[in-house]
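Worksheet: the structure to be examined is printed underneath.
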């Protein structure tokens, strides 16, 4: 792979990766958020595969393929099953949207822009040490980490918070790839299985919450506790 093509593909994948995180903040329909997360999983897989092809590393290409299957296929499928849940009445119809996030859409998008600028400022000394195409894209991974944490703390629906957690994990994975040109296969497999287990547990808890209380709104559940 030529240097110019490598840089273009890596920049395109990183741009799609960051854009997907921003769109999660913009959309309120949970089904649309899950679809955008799947697109981000594809972008993350492309980042790993492009790095693997450029460096001639078969293990990194295999990691990228595994990430694509897990984060663009298995995890979105599990979240769609959670969203489909039992029942289809009025109470369920209210569950398919993030109706009242703690921060509105306009403020969320502005915050995403500020977090992205912060990520570039923080990563600037690191990129200056070794200005390769991968390290120059390092702020993208850090920005997605910050945006994922922001989603996690500002959304009220349990499923939206799960997506925030997964965005955070995707950002950490992308940062590791871009900073170190990949991680060992066994490490990525261990992390991926941990994430899969966490999502399975959260799926069960979300289903039980809806069956017991008729909602997955964290504020409503807190009021029941009070």
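Any idea which of 56, 85, 64 is surrounded by 14 or more Cβ atoms within 10 Å (Cβ to Cβ), out of contact with any strand residue (DSSP E or B) (no Cβ under 9 Å at 6 or more places or on another chain), modelled with pLDDT under 90 and on the phi > 0 side of the Ramachandran plot?
85
I need a count of the residues in the range 115-170 that are farther than 20 Å from residue 48 by Cα, in contact (Cβ under 8 Å) with a residue 60 or more places away in the chain and outside any helix (DSSP H, G or I).
Residues that pass the stated criteria total 2.
The values are calculated or read from the model by the stated rules, or taken from the named source; none is laboratory data. Only a predicted model underlies this, so the values are computations on that prediction, with no experimental measurement involved. Please note: Cβ atoms are built from the backbone with ideal geometry, for glycine as well, and neighbour counts cover all protein chains shown.
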